[in-house]
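In what follows, a single structure is set out as structure tokens and then discussed.
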Amino acid sequence: MTFAMLKLAAASPEVLVLVGACAILMVDVFRTQEKNTKKGAEGAVLTYWLSLILLFLGAFVTFLGFGKHTGLALNGYFLKDSLGDLLKLFIYLAAFVTFVYSRDYLRERGLLTGEFFVLALFSVLGMLVLVSASSFLTVFLGLELMSLPLYALIALDRDSATASEAAMKYFVMGAIATGMLLYGMSMLYGATGSLDLGKVSEAVRHGDQKHIVLVFGLVFMVVGVAFKLGAVPFHMWLPDVYQGSPTPVTLFLSAAPKLAAFAMLLRLFMGALEPLAVEWQQMLAILAVLSMAVGNVIAVSQTNLKRMLGYSAIAHVGFLFLGMLATNPQGYSAALFYMITYSLMSLASFGVILLLSRLGFEADRVEDCKGLGERSPWFAAVMAVVMLSMAGVPPFLGFWAKWEVLRTAVDAGHVSLALVAVAFSVIGAWYYLRVIWFMYFEKAQDTAPLVPTVGMGVLLSANALALLYLGLFPSSLMAVCVLVMGAH
Amino acid sequence: MESFLFYLFSTILLVAATAVITVRHTVRAALSLVLVFFTSAALWVLLEAEFLAVTLVVVYVGAVMVLFLFVVMMIDTNTTVLREGFTKYLPLGVLVAVTMAAEMFLALGSPGFGGMAAPAPHPASYNNVAELGSILYTQYVYPFELASVILLVAIIAAIALTFRRRPGTKYQDPARQVSVRRADCVRLVQMPAARKTPAP
């Protein structure tokens, strides 16, 4: 075995992010921390800029290597393909946007410390590993590397009791989910004799093991993945964690890890367990209907905006599963398109909450949007675009995402499920539109002027305009999604 | 002989594992957990994984459980609060547990894992540690590095969550304590002699 056999070039973005994160950690350690943790102090500005540069470089390297060096690398533990590259690009983007949006909020509260960025970067590394996983071993390690920093990030604001509660809940639930996933993996390993996803797929297809053992393992894996994505009935942690975490962490949680968890769903079910598609199709169908029902109905009665968006995330996962049900490349690419769309919408929605918040005031109630139309017509328009897009109103991007998923579901013969999805989307539209109603038709309770930093204002506007632009011209993003799925 | 030992250790393991979750006394539960680790190590020896067995004893029994016992002794857990509502949830819990156990028995009890032969025993000269070392840094280098990054994250997270420099705290700097000189802390002053005032 030689060094060249590792094919390290395929994993160059991961190597870059790992080395960069360690370097940023060292830079941060050797700066004086004393003055940065006070409220209102400048904070770890150098670390912030270095983290942004690292994410940009990572994205650049991934972009240069897009679709090159494909195939297995690092002794078969790493799969490089264009699907993974696309998801990685959006993970960098989500983390980048999160950092820019969070800066002011963190600085005002004395939380703009190096640890925030270093932990988030290591979490990004875990997501990259998970996206490229080609073995149960790397799926597990990537998942842990992604989740561990998240638990710590939630608890980083130690003076907040709700944040500690959210961190504890997420940690315990995450541990149970990982346990479930591992148990399922151990069953499949016992039945097929391999940890390699490709070999598992081959062994399952030839089917000389007992079918029931495979299905038994599959059930636990579905439970583990559903926990991570927050599908009903494994959603209990999600609203509490969304509400309890500091808003920048909620923002981080709601976009990038979802993309990685979706990649895990694809690698496990589309990759390794496709021969068992008939089985997991039924399970995902139940989860999809329950998620859409519970998410949309409970979100209607929420008064906390973060919690409402949490329930909306549950409903969106239902739609995502609906796309997976078709079990053909069209369905998978529709699900991929939906996931990317959701992450863009989620970033913008929490971005507006961060914009409205200031020191001593969390704009996390739905009422806090009241009168935004008068206070700042431009950012009210931004929020309106996001809400309409989430509700699935044309011509915004969210409409096309829902449309594609419904189309593939109907094509695959799941007409009744598609009808159920449409019905619950209509219910869901109500609570999104309520936010818009509050913004334009209610008097403002809070009249403090909004002063976003230049970076945040520009990026948030670009984020909303992207939802509009991609909604008017969705074919390019859709074509990329179809392309990477077809190449798979 | 080997299967006799297997069943012996397995029985001890199961009894000890049950004890961990049933005994009232937390220290006893922790000690039962030590027994669980120890018998699992014995089972690993039976599987010819000697190095892993020794590591299990050294790391888990020797380090982790000792730390755990310290924690158990230091914090005062109020078990009555933890047991609140136990009887209320018991019927449902038992129902779920029995259903799951029955399902698992039905699914896995049948000879489902057939088709894979036991690996051939290794010759006496087989070196467990050398074999592990040679594949850990070659075949498994990627997972190995990832595991190390996870440990690094755990260190960063632990420090970030617990390290707090309070502005008002008084702390000692040993370097400055050692290099202290007489002039730093003793001041000799000249005082004029004073007559003792006689008691009235």
**Prompt:** What percent do you get for the relative contact order of the range B:1-77 when only Cα pairs under 8 Å and 6+ apart count?
**Reply:** 29 percent
**Message:** Just to be sure I understand: if I project the alpha-carbon convex hull of the range A:176-281 onto a plane and average over all orientations, what area do I get in nm²?
**Reply:** 6.7 nm²
**Request:** Show the residues, 5+ positions off or on another chain, whose built amide H is closer than 5 Å to the amide H of A:ASN304.
**Result:** A:VAL366
**Prompt:** Nearest 0.05, what FRET efficiency do B:THR18 and B:SER125 give at R0 = 30 Å with Cβ-Cβ as r?
**Reply:** 0.15
**Asked** Which residues of the range B:151-165 end up with at least 20 Å² less accessible area in the presence of all protein chains than when their chain stands alone, using a 1.4 Å probe?
**Response** B:LEU152, B:VAL153, B:ILE156, B:ALA157, B:ALA160, B:LEU161, B:ARG164, B:ARG165
**Mean separation of Cα contacts under 8 Å (6+ apart) over length of chain A, as relative contact order %** = 14 percent
**Fill in**
Note to self, chain A gives a 222 nm [θ] from helices alone (DSSP H runs n ≥ 4, -39500 (n - 2.57) apiece, / all residues, nearest 500) of -25000 deg cm²/dmol
**Fill in**
In square angstrom to the nearest 100, the accessible surface buried at the B/A interface, both sides summed with a 1.4 Å probe, amounts to 3000 Å²
**Item:** Area of B:THR18 that stays accessible when all protein chains are in place (1.4 Å probe, Å², to 10)
**Value:** 70 Å²
**Message:** Viscosity 1.306 mPa s, temperature 10 °C: what is the translational diffusion coefficient of the range B:1-77 from Stokes-Einstein with a Kirkwood Rh over Cα pairs, rounded to a whole number of µm²/s?
**Reply:** 122 µm²/s
**Message:** To make sure I understand the rule: partners must be aspartates and glutamates, Cα under 18 Å from the Cα of B:LYS170, and not fewer than 8 residues away in the same chain. Which ones qualify?
**Reply:** A:GLU34
**Request:** Take peptide A:211-218, look around each residue's Cβ out to 10 angstrom, count Cβ atoms belonging to other protein chains, and average those counts.
**Result:** 3
**Request:** Run down the lysines and flag those whose C-alpha is under 17 Å from the C-alpha of A:LYS210, throwing out any fewer than 8 positions away in its chain.
**Result:** A:LYS199
**Complete:** Counting only protein heavy atoms and rolling a 1.4 Å probe, one gets per residue an accessible area for the range B:1-77 in Å² of 69 Å²
**Complete:** For A:LYS258, counting only lysines whose alpha-carbon sits under 22 Å away and dropping same-chain residues fewer than eight positions off, the answer is A:LYS80, A:LYS88, A:LYS169, A:LYS228, A:LYS306, A:LYS402
**Request:** Report the relative contact order of chain B, percent, no decimals, based on alpha-carbon pairs under 8 angstrom and at least 6 residues apart.
**Result:** 12 percent
**Request:** Using per-residue counts of other Cβ atoms within 10 Å, averaged over each peptide, order B:188-196, A:398-406, A:121-129 from highest down.
**Result:** A:121-129, A:398-406, B:188-196
**Request:** Could you please state how large a percent of the accessible area of the range B:1-77 is carbon and sulfur, counting protein chains only and using a 1.4 Å probe?
**Result:** 78 percent
**Reduced Cα scattering model of chain A, Debye log10 I(q)/I(0), q = 0.13 Å⁻¹** = -1.24
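The values are calculated or read from the model by the stated rules, or taken from the named source; none is laboratory data. From a predicted model like this one, the values you see are computed outputs, not experimental measurements. Cβ sites come from the backbone with ideal geometry, for glycine too, and all protein chains shown count toward neighbours. Quick note on the areas: whole protein, heavy atoms, side chains included, nothing else; ligands and nucleic acids left out. Shrake-Rupley method; radii C 1.70, N 1.55, O 1.52, S 1.80 Å.
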